[in-house]
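The values are calculated or read from the model by the stated rules, or taken from the named source; none is laboratory data. Note that the structure is predicted; figures quoted are calculated from it, not measured. Because the Cβ atoms are built from the backbone with ideal geometry, glycine has one as well, and the counts that use them run over all protein chains shown. Side chains included, ligands, DNA and RNA excluded: accessible areas come from the protein's heavy atoms. Shrake-Rupley method; radii C 1.70, N 1.55, O 1.52, S 1.80 Å.
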Amino acid sequence: MKSYFNRRGFLKKTSLAAIATTLGSEIVFADKLPRKYLPIALGEKDALKGKNTDMIVQGDKPWNVESPLNLLDDRVTPVDKMFIRNNGLIPEEIDVKNWTLIIDGESVIAPKTYTFEELKKKFKHYTYQLTLECGGNGRSGYYPAASGNQWGQGAVHCAEWTGVKLKDILKDVGIKSDAVYIGYHGKDLHLSKDPKKEAISRGVPIAKAMEDETLIAWQLNGKDIPEFHGYPLRLVIGGWPASVSGKWLSRISVRNKVHDGAKMEGHSYKMPKNPVPPGTELPTTDEFFRIIESMPVKSIITFPKTGAVITSGENLPLRGHAWAGDQSVKKVEVSIDFGATWQSCKLEAPVNRLAWQHWNTNIKFPVKGYYEVWVKATDDSGVSQPMVIPSWNPGGYLNNACERIAVKVS
C-alpha cells in the first residue's frame, strides 16, 4: 500500500510533488507541515457523492451515513439510498488487477491465495438479496445515551449481491476439523493511519460462514461495488450485524478459536448476558457479555412519511419491510390506538432466505384528529417486536421497538 510519509512521519518529497500537481500550486510553508499531517487535498473522498441529498450524516471521519426511512421504500435498496458504516478510511489506492484474497489461519490445511480473476473463473456465481443492518441501528432511542453513532432506524438496507459462496472457497482450500470461526481482514486504514493497526476485523462461527448465502461479492445491484461500500471485494453475510460483512476484503483467516480481531474485544457488538439497569458499567469479559449473532425481528414503515395529513374519509395506504435475522417473518400488524388492538397486513414471502419481506395494508380512521400508526412484526418462532425500547445495554445495540409514524386526519 502506498505511504505518503517517510519513516519519521513527514511527507516525502515525492508526495509533496504529487500534491502540488493536484493543487496546481506549490504548498507554501511545506516545511512546517506537522508530523503525519496529510493536507486535506489528499483526504478521504466524499462519501456523499452520488448519494440521495436527504441522507443523514452521522460522521465524516470515518464516514457514517444513514437513510431516512421514507427513502427505503424500494423493494431492493438502490446504492444512493444505502447507509454507510465505516470504522476506518477507505484504501488510498485500489489495484483491482493485482487484488488477491488470501485464505489462511490455524485451521486451514495450507494457506492459499486467489487472484480476483481466479475467484470469478474458478467458482460458480450466485446472486442473493441480503438484509444488512448495523448492530447499533436505533441506538438513539436508548437513555442514557450509549457511545457510538446515534443512529435512528435507517442503518439497514436490502440490496442484491453477486459473487461466489465462501463455503466453495473454503472447501477448495481445505479446512481442518478444529475450525470454529472465521475472521476477515480488509485494506481499509485505521483512523491513525498506522499500518500495524486494523480498523475492524470481525468474524462469525464456521457454521454461519458455510451457509449458502454467505458470499464473497464483487457486484452490488448488478454493478461493481461502490468504493465506500467495499470495492472491489466484500464479504457479505445477511441477517447478522452488518459489521461482519467485511469491506475491501483481502484475507480470511480460518480460526481454531473465536476470532480476536479489532472490534471483537470489549463490549463491541456484544450484549449483556443478563439485563442491567440503564447506565451500568460491566467488566468487558465473556462472563458478562455475549457476541451478537442473528439480528432480532424488526419492521419499518417506508410509506407514508411521518407527519402525513389526509382528509377525513380517505383510506391511508401503508407499506414497508420486515426481517428477522436468520429467521423469517410470519406476521406483520399495525395499530392506530397505541397498541390496544392490531390489524393484520398482507405479507410477502422473502425473495430468498435472509432477504427482507414486504408488507402493505390500508387503514381507515374513525374520526378526525391525531393518530400514531405503529407496526409490529412477529418471527416464525412466535417472537414479536417489543412496543417499547428494549432493555438498555452499554453498546446501545438491538433496538427493535415497534416503528411508528404520526398521521393527522383533517
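Below are the figures for this structure:
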quantity: Qualifying residue in the range 253-261 (condition: assigned to a loop (DSSP other than H, G, I, E, B), crowded, with 16+ Cβ neighbours inside 10 Å and among the acidic types (Asp, Glu)); calculated: no
quantity: Residue selected from the range 364-376 under the condition open to solvent by 50 Å² or more (accessible area, probe 1.4 Å) and of a type outside the set (Ser, Thr, Tyr), by the criterion nearest to Arg75 (Cα to Cα); calculated: Lys364
quantity: Every residue from the range 305-363 that is at positive phi, open to solvent by 80 Å² or more (accessible area, probe 1.4 Å) and in contact (Cβ under 8 Å) with a residue 60 or more places away in the chain; calculated: none
quantity: Qualifying positions in the range 144-169 - open to solvent by 10 Å² or more (accessible area, probe 1.4 Å) and assigned to a strand (DSSP E or B); calculated: Glu160, Thr162, Lys165
quantity: Some residue of the range 170-183 being closer than 23 Å to Gly266 by Cα, in contact (Cβ under 8 Å) with a residue 60 or more places away in the chain, assigned to a strand (DSSP E or B) and open to solvent by less than 10 Å² (accessible area, probe 1.4 Å); calculated: yes
quantity: Matching residues, the range 195-221, being crowded, with 23+ Cβ neighbours inside 10 Å and not hydrophobic (A, V, I, L, M, F, W, C); calculated: Arg202, Gly203, Thr214
quantity: Residues that are modelled with pLDDT under 70, open to solvent by 100 Å² or more (accessible area, probe 1.4 Å) and farther than 22 Å from His190 by Cα, drawn from the range 16-37; calculated: none
quantity: Residue pairs meeting the criteria (Cβ under 6 Å; at least 6 apart or on separate chains; first on the phi < 0 side of the Ramachandran plot, in the range 226-252; second assigned to a loop (DSSP other than H, G, I, E, B) and basic (Lys, Arg)); calculated: Arg234/Lys247; Ser243/Arg202; Val244/Arg202; Ser250/Lys187
quantity: Strands (runs of 3 or more DSSP E) enclosed by the range 49-124 - at least 2 residues per element that are out of contact with any Leu (no Cβ under 7 Å at 6 or more places or on another chain) and open to solvent by 50 Å² or more (accessible area, probe 1.4 Å); calculated: 56-60, 112-115
quantity: Boolean, Ser192 is over 23 Å from Gly230 (Cα atoms) and open to solvent by 20 Å² or more (accessible area, probe 1.4 Å); calculated: no
quantity: Identity of the residue in the range 262-304, closer than 29 Å to Ser245 by Cα, of a type in the set (S, T, N, Q) and part of a loop (DSSP other than H, G, I, E, B), that ends up least open to solvent (accessible area, probe 1.4 Å); calculated: Ser268
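Listed here are the residues, each with its yes/no results for (1) in contact with a strand residue (DSSP E or B) (Cβ under 6 Å, 6 or more places away or on another chain); (2) at pLDDT 95 or above; (3) farther than 14 Å from Gly152 by Cα; (4) of a type outside the set (Phe, Trp, Tyr).
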{"site": "Pro39", "(1), (2), (3), (4)": "no, no, yes, yes"}
{"site": "Gly43", "(1), (2), (3), (4)": "no, no, yes, yes"}
{"site": "Ala47", "(1), (2), (3), (4)": "yes, no, yes, yes"}
{"site": "Gly59", "(1), (2), (3), (4)": "no, no, no, yes"}
{"site": "Trp63", "(1), (2), (3), (4)": "yes, no, yes, no"}
{"site": "Glu66", "(1), (2), (3), (4)": "yes, yes, no, yes"}
{"site": "Phe83", "(1), (2), (3), (4)": "yes, yes, no, no"}
{"site": "Gly88", "(1), (2), (3), (4)": "yes, no, yes, yes"}
